Every structure is written in C-alpha cells, then in structure tokens.
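Colleague: Have a look at this one.
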Amino acid sequence: MTETNTTPKNDLPAVYIDDILMSLKYFTDEHEAHLKIIDPQVCIRCTGKPCVQFCPVGAYRTQDGGTVQIAFQSCVECGTCRVMCPPANVSWKLPRGGFGVAYKFG
Ligand code: SF4
Ligand code: SF4
C-alpha cells in the first residue's frame, strides 16, 4: 500500500493511491484504442521519454528500438499525456460511450 499524503498539515485524510486504483472498474474497448502514438519516429527521438514517468498508472512502456507502447486498457483518463508530451505526439480522445474507466464515489 502506497501512502502519498502522510503530512496532516492541511487536515486532509491520507490518500492511498493503490486503494483508489483497486476501486476502479474498467470497460475496455477492444476494438478502438482511445490513445495512440501519432508518429513512432518522434518517440524514438524523444529524450527522456517523460510519458513513462508521468502516467500515474504506467500505461507507457519503452520498447526495443526506442518506440513507446501505450497500454490504453489501463488508462484512468486523467489527461496528463494529452498536455505533457513535449512534441504533442499523442492522439487523445475519450473512449466511446459505454467504455472506459468508471469511478466509484462514497
Ligand atoms: S513523451 Fe511523447 S514523444 Fe516522448 S516518448 Fe512519450 S509519447 Fe513519445
Ligand atoms: S490519460 Fe493519464 S492515465 Fe491515461 S495514458 Fe495518459 S497519463 Fe496515463
């Protein structure tokens, strides 16, 4: 279990990211990926490959040869890669209706 907020400075409760992720439900669209790399050659030239670090669920993985693969099935639709890929090399859209991640509240 990973505790990410242990400081009671702001009186907010501790947040356990693993517990939150465990509570999600995924409705995977096996026929249409909502995330795609636009140009694999751009990823090969991308130094640092920040997507591998900033995606909260580790959906980005470096492949042999320097390309990057997205495990779109595990995406929690946070939108980070939509704005944080330096050359804007990710095609991002919401999953089709009825698909994607479902958050439970309460
Ligand atoms: S940050 Fe963007 S360009 Fe760089 S490797 Fe990741 S998806 Fe490719
Ligand atoms: S939208 Fe968020 S969770 Fe989904 S692949 Fe991009 S960074 Fe990862």
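Since every read-out is calculated from the coordinates, none of them should be taken as a lab result. Remember, predicted model here, so these are calculated numbers, not experimental data. Cβ atoms come from the backbone with ideal geometry, glycine included; neighbour counts cover every protein chain shown.
Colleague: Report the extension gain between Ala71 and Phe99 in nm, rounded to one decimal, defined as 0.36 nm multiplied by the number of residues separating them, less their alpha carbon distance.
Modeller: Numbers: separation 28, 0.36 × 28 = 10.08 nm, distance 1.50 nm.
Length gained, Ala71 through Phe99: 8.6 nm.
Colleague: With a 10 Å cut-off between alpha carbons and a GNM built on the chain, which of Thr62, Thr28, Thr47 moves the most?
Modeller: Thr47
Colleague: Would you work out the Kirkwood radius for the chain? I mean one over the mean of 1/r across all pairs of different Cα atoms, in Å. If you can, show how the numbers build up before the last one.
Modeller: Values: mean 1/r = 0.0648 Å⁻¹.
Kirkwood hydrodynamic radius for the chain: 15.4 Å.
Colleague: To the nearest 20 debye, what is the magnitude of the charge dipole of the range 23-106 about its Cα centre, counting +1 on the Cβ of each Lys and Arg and -1 on the Cβ of each Asp and Glu?
Modeller: Rounded to the nearest 20 debye, it is 200 debye.
Colleague: Describe numerically, in nm with one decimal, the distance between label points set 7 Å from Cα along Cα→Cβ at Tyr26 and at Arg61.
Modeller: 1.1 nm
Colleague: Cross-link candidates for Lys36: which aspartates and glutamates have Cα within less than 19 Å, leaving aside residues fewer than 8 places away along the same chain?
Modeller: Asp64, Glu77
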